[in-house]
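So the structure is just underneath, and the comments pick up after that.
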Amino acid sequence: MGGKTASAFEKSFGMVTVADLLMHIPRRYSKRGELTDLSHLKIGDQATVVARVKSVTSRRTANRKQMLEVIVTDGHSNLSLTYFNQAWREREMTSGRLGLFAGKVGQFRGKLQLSHPEYEFLDNDVDPDSVGKWAAEIIPVYPASAAVASWKIANAVALVIDQIDWTAEPDPLPLPVRNRYHLPELGAAFRGLHTPTTIAEAMEGRRRLKWHEALY
């Protein structure tokens, strides 16, 4: 991570080392094809949601600012995203697009909204021949902050997790204990936790990490 990114991670979460990053546990997991239940959002929360763009409207406010309002949906409930003087975003926010949207939940005129949220679309560069795999991909959703969105944490983890030599140090949990309780090795646990191929794999990683935390 660059200096600016590292500073944001430290300020937001107290992360200084790679170990700090790896111990930042995903709050939940989503599949690309599954949408977040927007009715569960609470005002004041720093939220990351998976939703589809439903509509986009642009208008001038009373003080002549250009306001772009994007409505995203889970198929039942809606969430308003508002941007001021950023008309160029209208070209990206086309109806039906699937994305991650992150920001602080507020309310305006009875509608839940995120003001100037960050977002990352999940439907870019999808190979039609691998749509099944893409739709089944597991997305970790991390505790985030206004400065560091969930997918930025995921990207940082992806940069380091496969570069670590997990054989350089012995697993602190003895093999007989791992075998007795059917626990994965530490490296496999971290990969399962942060880059799972199934929810079951993620849960196994979480179970193993509870033992790791108990040792320290």
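The values are calculated or read from the model by the stated rules, or taken from the named source; none is laboratory data. Given the structure is predicted, the values throughout are model-derived calculations rather than measurements. Note that each Cβ is placed from the backbone with ideal geometry, even for glycine, and that neighbours are counted across all protein chains shown. The area values use the complete protein model at the heavy-atom level, side chains included, leaving out ligands, DNA and RNA. Shrake-Rupley method; radii C 1.70, N 1.55, O 1.52, S 1.80 Å.
Brief remarks follow.
- Search result, residues across the range 19-36 that are touching a residue at least 40 places away in the same chain (Cβ under 8 Å) and open to solvent by less than 70 Å² (accessible area, probe 1.4 Å): LEU21, LEU22, MET23, HIS24, ILE25, PRO26, TYR29, SER30, ARG32, GLY33, LEU35
- Looking across the range 38-70, just one residue is among the small types (Gly, Ala, Ser) and open to solvent by 100 Å² or more (accessible area, probe 1.4 Å), and that is ALA62.
- Any hit, the range 110-127, residues being open to solvent by 40 Å² or more (accessible area, probe 1.4 Å) and in contact (Cβ under 8 Å) with a residue 60 or more places away in the chain: yes
- Among (1) more than 25 Å from the chain's Cα centre (by Cα); (2) in contact (Cβ under 8 Å) with a residue 24 or more places away in the chain; (3) within 15 Å of ALA19 (Cα to Cα), the one test that LEU173 misses: (3)
- Residues that are of a type in the set (Val, Ile, Thr) and either open to solvent by 80 Å² or more (accessible area, probe 1.4 Å) or not in a helix (DSSP H, G or I) (or both) within the range 190-216 comprise THR195, THR197, THR198, listed in sequence order.
- Long-range neighbours under 8 Å by Cβ, at least six apart or interchain, first residue open to solvent by 10 Å² or more (accessible area, probe 1.4 Å) within the range 152-163, second assigned to a helix (DSSP H, G or I) and of a type outside the set (D, E, K, R): LYS152/THR5; ALA154/HIS194; ALA158/HIS194; VAL160/VAL18; VAL160/LEU21; VAL160/LEU22
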